[in-house]
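Participant: Below: one structure in structure tokens.
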Amino acid sequence: MNGSLHSSPNVVDIKLKRGSAGLGFNIVGGVDQQYLINDNGVYVSKIKEDGAAGLDGRLHEGDKILAINGAKLEDLTHQVIVDLFRAAGEDVELRVLKRFPNHGNGPTGSQPEPKSSVSLLEILVALAGVAALCAYIYMRLPRKHF
């Protein structure tokens with residue numbers, strides 16, 4: 001592919017070999033099914049861990065696919081894009097705009113850092129509980145009157 005399509009450090013070319021289960025990822029987007037407002041782009045919505053993309057480790061959810069085998073994915077309907085993927089053959093080259101640039105060409109199997117499972121609301125509820133317990137204990141302490 002030539003370098004004219006969004007040449008930047010965040011754009012990478014990824015070659016995948018189609019496996020028995022396809023390329024191993026799902027996409028969203030197109031002119032008729034915009035994933036982001038005012039953006040007709042094609043985005044990776046899900047990576048199947050045991051699929052070609054998951055085993056390769058360079059493609060991540062949220063990455064924007066700019067082209068497949070040199071064909072730009074601009075101003076196309078979702079179905080046309082899906083048909084391009086299906087007809088792409090066994091060896092597929094993707095031009096990808098990385099959502100998180102530090103994942104660009106990392107080692108195979110690199111994954112984003114896991115997100116914390118504790119929400120802000122849970123932290124606030126825990127702090128409120130601790131404050132209530134402290135208030136209860138304080139109220140129960142004997143007081144000396146002078």
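Participant: Simple spin-label model, 7 Å along Cα-to-Cβ: residue 69 to residue 91 in nm?
Facilitator: With each label point 7 Å from Cα toward Cβ, the separation is 1.2 nm.
Participant: Where in segment 6-103 are there GluC sites (Glu not before Pro) that are in a DSSP coil and have at most 16 other Cβ atoms within 10 angstrom of their Cβ? Could you put the intermediate results ahead of the total?
Facilitator: Details: sites: 49, 61, 74, 90, 93; in loops: 49, 61, 74, 90.
In loop regions of segment 6-103 (DSSP not H, G, I, E or B), the sparsely surrounded GluC sites (Glu not before Pro) are 49, 61, 74, 90.
Participant: Report the dimensions of segment 20-104 along its three principal axes from the alpha-carbon atoms, largest first, rounded to Å.
Facilitator: Its Cα atoms span 32, 30, 20 Å along the three principal axes.
Participant: While we're looking at this one, here's another question. Give me a comma-separated list of calculated 3J(HN,Hα) values for segment 41-53, in order, Karplus coefficients 6.51, -1.76, 1.60 applied at θ = phi - 60°, integers in Hz, x for any Gly or Pro.
Facilitator: With coefficients 6.51, -1.76 and 1.60, one gets x, 10, 10, 7, 9, 7, 10, 8, 3, 9, x, 4, 5 Hz.
A short reminder: the numbers here are calculations on the coordinates, not readings from a lab. Because the structure is a prediction, the values reported are computed rather than measured. When we count neighbours, we look across all protein chains shown, and the Cβ atoms used for this are built from the backbone with ideal geometry, even at glycine.
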